[in-house]
Each structure stands twice: as structure tokens, then as C-alpha cells.
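*Asks:* Sharing a structure, written as C-alpha cells. Questions coming.
The values are calculated or read from the model by the stated rules, or taken from the named source; none is laboratory data. In this text the structure is predicted, and so the values were computed from the model without any measurement. Heads up, the Cβs are rebuilt from the backbone with ideal geometry, glycines too, and the neighbour counts pull from every protein chain shown. We work out accessible area using only protein heavy atoms, side chains counted, and drop any ligands, DNA or RNA first. Shrake-Rupley method; radii C 1.70, N 1.55, O 1.52, S 1.80 Å.
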Amino acid sequence: MKYEIAKGIRLTTIPTTKFKNTKIVINFTFPAQHQNYAKLALLAELLENCSAQYNSELLVSRQLSKMYGASFGVTVLRYGNQHTLQVSITFPNDKYLPPKSELTNEILAFLKEMIEDPFVDGDQFDQEYFRIHQSNMVNYLDSIQDNKEFFSTLELQRLYYPNDPDHGDFLMGNQQEMGQISSPELYTFYRHVLATAKISILVGGDLPEADVLKGFKQFESFNDRTPADYQLRVHPAPNAEVQRGAKNIEGSQSVLSIAYELPIYFGDEDYFPAVIFNQLFGGSSRSLLFTNVREKHSLAYDIHSSYNSLVGMDSVQAGIDFQNEEQVTQMVADQLQQMVDGHYSDELLDGVKHALINQHRSEADHLGSLIEKQYIQQIMGFSLSDSDWETQVANVTRSQISAVAKQMSLRAIYQLNSRGH
């Protein structure tokens, strides 16, 4: 069921008696703008750990324990062109608690407190609290370079979108941006987010909808707003040539990252062939890349591909020895040609389809997955029943997969090179 709390604020309920828990997810969304990345990431950190009433992490933790071990979190996400501050809480259904329990109302009051009454001092966040968490975030951003695979992914993304920081930059900003934010500036930004963001609330579980609706209507900041319109899909600017980047590091293992433009998006006619193409290419442990590059030729410690259907990108990442880089790069191109030519077994194709269908069915056993799926379909304006989804997967043909493979266009290569020093 869908309800309008106010203009620009929508509540969607997903009634189910399958779970003993209930989950509420609140998405504050706006167009992706790199100037706001560090601010939103720091804001998420501050809203998660304290409020005016619960003005220490210990008090927040104690309150969650009192609410039968409820799990609360605030994070930042990017769905294509959409930047998102996501607040979520998971808690037991009243039916499984002692008689006369009214946990749902307590949860809604807690959410209201954490979102609308942060730990502030006048027109800024509490200075000591702000300073500690700002320092934590700067240290986290500084530590990313120690995670070779993640660092390579971020550098590949930067190359994929040259001169486009809204999509090339890390969605949490960088150390310099994070360190320059002031407490009054962030508080002003927080007020702007509450007043202008498009808000999508999703509630999954067995809950009295009238109580939930009434609870959210009591949020003082949930007033009418007119959010900006924007296209969710990301279309990168054309590249005259493949973008390349490299960095030398110490250690024994190099990381090779390759990005292709695959202009097929969630909801497109070729979406399901693209999903299956990726699984066959490198998205599963039975894929051509994994079987041929890693297992048969022992040229990679690990290799896999990933398909992002909101930005139209397929990427490959491999952990390798530096001296094998050229050979691995060629083998990746060879496996892609195998996909174009349809050189893979019927057994592999059937196995990939079967695994995808089983994975899709298993997602129905996780409340968070159900809510995430509902939200993606909602923002993309495309939905399918489970049976239709399975039919679409089962009906994908070799010629469709080949047509997808032909659309793969090499766009960026990033090499994190270790020569064993």
C-alpha cells in the first residue's frame, strides 16, 4: 500500500506475516552532487550515534537494548544519479513480545528523536562530538588506500567518468573535503536536507498500518516539499580513447581493474540477457573468467565481473602477479569474445539460470532484500512478479546474450602494480 505523508514524502508498506521482525527504511534523496558527498557522509555518522536525549553512543545502545535489541543504522548510498541518506531500523513484531507491548510506537518515537533532535549546541552540532566523528571519518577515508581492491575500484570509477566528479568521486568524499567541514556548516546542511529532500519510507512486516501512518505524520519536519526532478540512469560522456591509470605499491599482489560501458539498464528489454551475460562472463564461480583465467591457467588469485544496471557498466577485477598483467588483460578480452561467439556449454548456461532463480527465491527469505527490491523497482518505475522474473530468466537465449556481449565497450583500465617489493 502507498500513502502520502505530505507532498514529496511517500510511505510504502509491504505487509507480510513471514517474519518475526519488522524493518523500517527511510530514504532522504536528492540529485548526486559531489560537493555534498563528504557532508552527507559525516551527517550520517552524527545522526547514527547520538541525539539530544541519547547524547552518547552508550545511551543509544542502551535504548536499542530496551527495545528488545532493535538494530539501527544510518548510511549513505548512490543509486545512479541519486544520492541517498538512508535511516533504517529492524525490531521484533509486537506479537512475539510480552502482552500489551507497544514497541512500534517506541520505535517511531526513537526514529523521530534521532532524525529531528540531533546532539546540537545552538546552531551547530556539539563541538566535541562533531570533532571526534569528523576525525574518525578522515581516518577512514585515509585508510581506504590500504584496501587494494576497494581503492582500485574507486580509481577505476574516477577514470570511467573523467571530468564528472558527481559520478567519478567516492560517494563519501575525500579526506580534504571531510576535514574542511565546520560544525555550523554541517548543521545548516542538515536543516536543508530535512526541509528539501524527497523522502521515501518503506515498512516491511506485520504492522498496524494506521499506527505507522499516524506516527510518521507526527514528524515535525515531514512537511510539503517540491524535490528536484532528475533522470536516475547515468549516461557517461563519450570517450575518445580508453582512460588508463596506474600506481606502484609495495606488496606481493597487483590488482587489475577493467571497466566496460554496457548501455543496458534495469527495466530495459535486454536487462535479463545482460544479467545472465555477466554471470557467464565473470559473475559466478562457474564463469569463463574464473574457470579459464584462475583455475585452468592459474593467472589470478581471484577474478570476477560486476554489472551495475543503474549506470550501464560492467567491470572486471583480478588479483594477479605483476608479470602476468599483459597475459591476463588479453585473456579477459578473449573470454569476452567467447561470449560474443557463444562458446560456452549448455550446461553452464542452464546452471547459471538455475543459480539465479534459486538466489532470487532465497532473497524472499530476507526482509531487507524484499524492501530493497521494492525500492529499486519503485524508483526505476519497473516491476515484475516473482513468477514473471523467473520466466524472463529462463527464456534468455544464446543470441540475446551474444547481442549483449557485442555492446561491451572498453572504457577504462586501472593497474595497481606491485613488483614484489
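*Asks:* In vacuo Debye scattering of the chain, one point per C-alpha: log10 I(q)/I(0) at q = 0.09, 0.14 Å⁻¹?
*Replies:* -0.66, -1.35
*Asks:* Could I ask something else about it? Count the net charge of all other residues whose Cβ sits under 15 Å from the Cβ of P238, scoring Lys and Arg as +1 and Asp and Glu as -1.
*Replies:* Values: positive: R411; negative: D164, E241, E261.
Value of the local net charge: -2.
*Asks:* Using Cα atoms only, what is the angle between the long axis of helix 367-380 and the major principal axis of the chain, expressed in degrees (0 to 90) to the nearest 10?
*Replies:* It is inclined by approximately 80 degrees.
*Asks:* At 1.4 Å probe size, with no ligands or nucleic acids counted, give the accessible surface of M380 in Å², nearest ten.
*Replies:* Only protein atoms counted, so the area is about 30 Å².
*Asks:* Let me ask something additional. Show me the chymotrypsin sites (Phe, Trp or Tyr not before Pro) within segment 224-322 that DSSP assigns to loop and that have at most 16 other Cβ atoms within 10 Å of their Cβ.
*Replies:* On the way: sites: Y230, Y260, Y265, F266, Y271, F277, F281, F290, Y301, Y307, F322; in loops: Y230, Y265, F266, Y301.
Hits after loop and neighbour filter: Y230, Y301.
*Asks:* Put I249, I413 in order of accessible area, largest first, 1.4 Å probe: what do you get? Present the calculation step by step, with values, prior to reporting the outcome.
*Replies:* Working: I249 35, I413 10 Å².
I get I249, I413, largest accessible area first.
*Asks:* Ok, one more. Please build a GNM for the chain, connecting alpha carbons under 10 Å apart, and tell me which residue among Q134, Q317, Q243 fluctuates the most.
*Replies:* Result: Q243 has the largest fluctuation of those listed.
*Asks:* Further question on the same structure: Please give the helix 57-66 orientation as an angle from the longest Cα principal axis of the chain, in degrees from 0 to 90, rounded to the nearest 10.
*Replies:* 80
*Asks:* Among the listed pairs K39/K217; K23/K95; K148/K373, give every one whose C-alpha distance is greater than 22 Å. Before the final figure, lay out each step's value.
*Replies:* Values: K39/K217 27 Å; K23/K95 15 Å; K148/K373 30 Å.
Flagged as over cut-off: K39/K217; K148/K373.
*Asks:* Given the convex hull over the Cα atoms of segment 305-363, what projected area results after averaging over all orientations, in nm²?
*Replies:* On the way: hull surface 23.4 nm².
For segment 305-363, the mean projected area of the Cα convex hull comes to 5.8 nm².
*Asks:* Report Rg(Cα)/(2.2 N^0.38 Å) for segment 139-247, keeping two decimals. Intermediate values should be presented prior to the final figure.
*Replies:* Values: Rg = 19.8 Å, N = 109, 2.2 N^0.38 = 13.1 Å.
This ratio for segment 139-247 stands at 1.51.
*Asks:* Tell me the accessible surface of S252 in square angstrom (1.4 angstrom probe, heavy atoms of protein chains only), to the nearest ten.
*Replies:* Approximately 90 Å² of S252 is accessible to the 1.4 Å probe.
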